[in-house]
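Undergrad: I'd like to ask you about the structure that follows.
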Amino acid sequence: MRRMFRSAFRLAPLSIALVVTLSAAVSLSDACAQDKAKKPANRRARPKTVGPAIGGNTATPINRIRAAKGFKVELLYSVPGQEQGSWVNLCTDDKGRILVSDQFGGMYRMTPPPAGKAMDPATVEKVPADIRAINGMVWAFGALYVGVNDYERKIPSGLYRITDSDGDDHLDKVELLREVESKSDHGVHALVPTPDGKALYLITGNNTTAPELAETSPVRRVWGEDHLLPSMPDGRGHNRGKLAPGGIIYRVSPDGKKFEAYASGFRNIFDAAVNRDGELFTYDADMEYDFNTPWYRATRICHVVSGAEFGWRNGAGKRPPFYADNLPGVLDIGPGSPTGMTFGYGAKFPAKYQNALFALDWSWGKLYAVHLTPNGSSYTATKEEFVTGAPLPITDAIIHPIDGAMYFTIGGRRVQSGLYRVTYVGEQSTALVQTKTINNKARSARHALEAYHGNLDPQAINVAWSYLADKDRFIRFAARTALEHQPVATWAEKALTESDSAKQVEALLALARVTGVCPQHRNEQTPRVDIAMRDKLLLAVTSIDVSSLEVSQQLTLHRTTQIILNRFGRPDELMVQKLIDSFDPFFPAESFELNWLLCETLAWLQSPTVAKKAMSLIVSAPTQEEQMQYARSIRMLKTGWTPSLHTAYFEWFLKAHSYRGGASFETFIQFIRDDAIASLSELEKVSLAELLATKPVRKSALENLGEIFAGRTTTKWTLEDLSAAARTGLKKRDFANGRRMFAAAGCFACHRFGNEGGITGPDLTSAGRRYSPHDLLDQVINPSKVINEQFSAVTVATESGQVHTGVVVNLNGDSMTLNTDLTDPFKQVKIDRKQIEELVVSKISPMPEGLFNRMTKEEILDLIAYLVSGG
């Protein structure tokens, strides 16, 4: 769990309020660039204080916390850290008392004080149960169930039950129901009652090892890495060797004897929640070291269905959302560190918030209200910031079943902890929302298919088959999973001979998964690869008319082909050529997703045309993520190269040296280059020797802009001119060109948009829902007019006479780290806070002026239309 709090976001700019208060937050990067600066000519008088440090048993005051309109936040209790630790979990017992857990210690119990009253410290009782390191807890089946993740290994990690042994109203009896191995963080976390009331969901991260699983598990043990091209391990060595299935959500019997794997492929899930429809949701995050790589996925809300796979794999192996063998999230949140979750059911809140899913982000100090809307058998969602603060390392939240208030804790990593209460004091009705029964045919169809997960049933094949081509992705996934749980001999031939191509691609994916053997699972005990099945599968694949398939079906076909080749190995050259002939005419495609798969597959097959096509895509791709993906795909290609293509390829690495991303970004670029050099012949190495020996020149993102603006004159656009044009000129715009302009202006260097871009400026994915075209234009033309507090720069003068200007990205004890160039997340300087003589918030935006000046009016309108569209 420590890593959950420690690592989820190292590079996020911190709010100015946090800058002057936080003394224990996320850890710093080891490498900090030193910023040379001159002594200021004139200094102001030294302030009396740079701001109170968190400590002294005082939690974040209310004046540093904001809540949605009409809501009130109360600080009930500042936790004395030396005695009671740092609180990370909450639940209520059967009498409505609040139970809390210390991340590195025991439990405490208390009764909420009346409205407007603080907690009397004398009423905070130590629970006598001899247990520690509780990372999740729930009162169920007449007992307290807890998930222990003790990576200090003082007690076993796993599932425990705690009860009152002698009827004195004190929890004292501790039973270990099932040990779950957890080597460190991302381990054993929350417990959530299942919707049928018969079991518990146990939430675990990717550092746990799956215990013995019941045969009825919806997740079959056919998981694998399934990388056609060799994956690259984490650039900084984190979790190297940790392979599939990643984190698992288990369905566990109350006695702990039956463990079913319900869903897998998670990384850093800490909590989950079930809605009134009986559907499960969780909140996950990828490795922050991977920012600005093509495989990085934003933190996201996941709709967790039976048998689901969400695609976490080590290093560069994360599965993108469009892979057919995993499911996408329902909402991208953005950078953050997921902690607690709860629905607002039973809250004395307006109806909108009673129905909301609340998701907590530790690193940014945000409690989101997520609003779900049914969409087929799944959901779509939007988010709003419900409670925010600085610092607010928020860990867990509950709705109290008696008073209807929300209670939340801050803490983790031994930082100052506190207990807060949120109530509604506005004018809207807080009447309890009545549950409405809505007949959702799509959801019912998915549930019917899920009944076959983990169960053998002769009817399953015909039922599932009818849904393999369903338009609903979650239904298709459920149907394929139902097939995979049936004896393969009863449906293999049907899959190989199916005449409906849309159904066949899903059936072949299922067949490849259950009959193929992942390379990492092959050993002396594993049966040999079934060559006959491989040939049948590939014959079926190459017999499908690709042009007859919709885009989503083409994606399934190409992903299925990759899994076949990975699990069964390389076929004979006749089949290799047949595969090339089948797929080469469709590369390049119109979508990046199709090009991702086609480029990888054709490069693995050593198609002679892919080098030229891929290099053309690298040249034309507007974002570093796309360029990096194509460069990665062809790094082991040995055919189809010409001297000019090789020159262009290795010149790209010189350019990519100036690209920026997470802590592993440069290492990943080096991995790709090393593999590319290793793929050269000795003659090619000699021919390219001078280029390979060239040292790259690092440029900022603004210096490294695309050639599209080269030689252009500048125009100083006014807000009035562009706003008037935008009022009537945003219809039928060229979104693709708008995206090119977004990249060419350097916007991706700092801002995230969709699943691409930087992290040192505001996320602009939903900017079109929050700002009018006029407002967006105003913020670019006049960047210093209104500055987001989260991204305000500060100027710091030290006692030694140095002056540093930048955005604060991390604080740790008495150490402050500034990012002095927002286009380079690692251009940093570390400052000792005790040596600060003056700290002044800058009134100048870190975003430069004049970003529109080399664009035409039409290009600017395309860019604004692209932003408004949400991508």
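Undergrad: When the Karplus curve 6.51 cos²θ - 1.76 cosθ + 1.60 is applied with θ = phi - 60°, which whole-Hz ³J(HN,Hα) does each residue of region 792-797 get, with x for Gly and Pro?
TA: These are the phi-based 3J(HN,Hα) values: 5, 7, 10, 10, 10, 10 Hz.
Undergrad: Another question, if that's okay. How do 764-771, 370-377 rank on mean C-beta neighbours within 10 Å, highest first?
TA: Values: 764-771: 16.2, 370-377: 17.8.
The peptides rank, most packed first, as 370-377, 764-771.
Undergrad: Using a/c under 1.5 as the rounded threshold, could you call region 128-265 rounded, prolate or oblate? The axes a ≥ b ≥ c are square roots of the C-alpha gyration tensor eigenvalues, and prolate needs a/b larger than b/c, oblate otherwise. Spell out each step's value before the answer.
TA: Working: a/c = 3.11, a/b = 1.68, b/c = 1.85.
Note, shape of region 128-265 comes out oblate.
Undergrad: Would you mind calculating the gained length between Ile62 and Ala689 on full extension (0.36 nm times residue separation, minus the Cα-Cα distance), in nm to one decimal?
TA: That works out to 219.4 nm of additional length.
Undergrad: For region 401-532, rounded, prolate or oblate, judged on the Cα gyration tensor with a ≥ b ≥ c (square roots of eigenvalues), a/c < 1.5 rounded, else prolate if a/b > b/c? All intermediate terms of the calculation are to be shown ahead of the outcome.
TA: Working: a/c = 3.79, a/b = 1.83, b/c = 2.07.
Verdict is oblate for region 401-532.
Undergrad: For Asn853 and Arg276, what does the FRET efficiency come to when R0 = 51 Å and r is the distance between their Cβ atoms, rounded to the nearest 0.05? Walk me through the intermediate numbers first.
TA: Details: r = 53 Å, r/R0 = 1.04.
That gives a FRET efficiency of 0.45.
Undergrad: What's the FRET efficiency of Glu682 with Gln606 using the Cβ-Cβ distance as r and R₀ = 22 Å, to the nearest 0.05? Let's see the in-between values first.
TA: Values: r = 19 Å, r/R0 = 0.85.
Efficiency at R0 = 22 Å is approximately 0.75.
Undergrad: Still on this structure: Under a plain spin-label model, where a point goes 7 Å from the Cα along Cα-to-Cβ, how far apart in nm are Val619 and Lys843?
TA: Between Val619 and Lys843, the simple spin-label model gives 4.9 nm.
Undergrad: Give the long-range amide H neighbours of Ala140: residues separated by 5 or more places, or on another chain, with amide H under 5 Å away, using H modelled in the peptide plane at 1.01 Å from N.
TA: Excluding prolines and chain starts, which carry no amide H, the hits are Tyr145.
Undergrad: Using a Cα-Cα cut-off of under 28 Å, which lysines could be cross-linked to Lys441, ignoring same-chain neighbours fewer than 8 residues away?
TA: The reachable lysines, counting only those whose Cα sits under 28 Å from Lys441, are Lys198, Lys352, Lys383, Lys471, Lys494, Lys503.
Undergrad: Using θ = phi - 60° and the Karplus relation 6.51 cos²θ - 1.76 cosθ + 1.60, list the HN-Hα couplings for region 89-95 in order, rounded to whole Hz, with x at every Gly or Pro.
TA: The phi angles translate into 9, 9, 6, 10, 8, 6, 10 Hz.
Undergrad: While we're looking at this one, here's another question. Where only protein heavy atoms count, and the probe is 1.4 Å, what is the accessible area per residue for region 314-426 in Å²?
TA: On the way: 2640 Å² over 113 residues.
Per-residue value: 23 Å².
Undergrad: Please give the Cα centre distance for region 832-847 versus region 593-611, rounded to the nearest Å.
TA: Cα centres, region 832-847 to region 593-611: 49 Å.
Undergrad: When a/c reaches 1.5 or more, the comparison of a/b and b/c decides; with that in mind, is the chain rounded, prolate or oblate per its Cα gyration tensor? The partial results should precede the final answer.
TA: On the way: a/c = 1.66, a/b = 1.08, b/c = 1.53.
It comes out oblate by the Cα gyration axes.
Undergrad: Measure out, as a whole number of angstrom, how far apart the alpha-carbon centroids of region 425-485 and region 90-112 sit.
TA: Taking the Cα centre of each part, region 425-485 and region 90-112 sit 35 Å apart.
Undergrad: While we're looking at this one, here's another question. Quick check for me: using +1 on Lys/Arg Cβ and -1 on Asp/Glu Cβ, what's the dipole size of region 199-253 about its Cα centre, in debye to the nearest 20?
TA: On the way: 6 positive and 5 negative charges, 24 e Å.
Taking the Cα centre of region 199-253 as origin, the dipole is about 120 debye.
Undergrad: Next question. Between region 199-249 and region 532-586, what's the alpha-carbon centroid distance in Å?
TA: 27
Undergrad: Ok, one more. Which percent of the accessible heavy-atom area of region 550-617 goes to carbon and sulfur, probe 1.4 angstrom? Write down the numbers at each step before the final one.
TA: Values: 1370 of 2400 Å².
Roughly 57 percent of what the probe reaches on region 550-617 is carbon or sulfur.
Undergrad: Turning to a different aspect of this structure: Counting Lys and Arg as +1 and Asp and Glu as -1, each charge on the Cβ, what is the dipole of region 194-333 about the Cα centre in debye, to the nearest 20?
TA: Details: 16 positive and 18 negative charges, 44 e Å.
Once rounded to the nearest 20, the dipole reads 220 debye.
Undergrad: Positive end of the dipole of the chain, charges at C-beta (+1 Lys, Arg; -1 Asp, Glu), about the Cα centre: which of Leu280, His371, Val794 has its Cα farthest in that direction?
TA: It is Val794.
Undergrad: I would also like to ask the following. Pull out the extension gain between Ile438 and His238, defined as 0.36 nm times the separation in residues minus the alpha carbon to alpha carbon distance; nm, one decimal. The partial results should precede the final answer.
TA: Numbers: separation 200, 0.36 × 200 = 72.00 nm, distance 4.58 nm.
Going from the current span to full extension adds 67.4 nm.
Undergrad: Residue by residue through region 838-853, what is 3J(HN,Hα) from phi via Karplus (6.51 cos²θ - 1.76 cosθ + 1.60, θ = phi - 60°)? Round to whole Hz and write x for glycine and proline.
TA: So the J values, rounded to whole Hz, are 8, 10, 10, 6, 6, 9, 9, 5, x, 7, x, 7, x, 5, 8, 5.
Undergrad: Which value, in debye to the nearest 20, gives the size of the charge dipole of the chain about its Cα centre, when Lys and Arg are +1 and Asp and Glu are -1 at the Cβ? Walk me through the numbers on the way to the answer.
TA: Numbers: 100 positive and 96 negative charges, 344 e Å.
Charge dipole, the chain, about its Cα centre: 1660 debye, nearest 20.
Undergrad: If you don't mind, another one. What nm value, rounded to one decimal, do you get for the distance between Glu590 and Val546 when each label is placed 7 Å out toward the C-beta?
TA: About 1.6 nm separates the two model spin labels.
Undergrad: First select every other residue whose beta carbon is under 11 angstrom from the beta carbon of Ser253; then total the charges, Lys and Arg +1, Asp and Glu -1. Intermediate results must be reported in sequence, preceding the final value.
TA: Working: positive: Arg178, Lys198, Arg251, Lys257, Lys258; negative: Asp255, Glu260.
It works out to a net charge of +3.
Undergrad: Also, quick follow-up: So for each of 71-80, 268-277, 310-319, 723-732 I average, over its residues, the number of other beta carbons within 10 Å; can you give me the resulting order with the highest mean first?
TA: Working: 71-80: 19.3, 268-277: 22.4, 310-319: 24.4, 723-732: 13.2.
Answer by packing, highest mean first, reads 310-319, 268-277, 71-80, 723-732.
Undergrad: Taking the dipole about the Cα centre of region 252-309, with the C-beta of Lys and Arg at +1 and of Asp and Glu at -1, give me whichever of Asn268, Cys302, Ser253 is farthest to the positive side.
TA: Going by the charge dipole, the pick is Ser253.
Undergrad: Next up: Show me the ranking of peptides 234-242, 655-663 by mean Cβ neighbours inside 10 Å, starting with the highest.
TA: Working: 234-242: 15.7, 655-663: 21.2.
My ranking of the peptides, most packed first, is 655-663, 234-242.
The values are calculated or read from the model by the stated rules, or taken from the named source; none is laboratory data. This structure is a prediction, so every number in the text was calculated from the model and none was measured. In this analysis, Cβ positions are derived from the backbone assuming ideal geometry, glycine residues included, and neighbour counts consider all displayed protein chains. Each accessible area value is taken on the protein alone, full model and side chains, heavy atoms only, with ligands, DNA and RNA left out. Shrake-Rupley method; radii C 1.70, N 1.55, O 1.52, S 1.80 Å.
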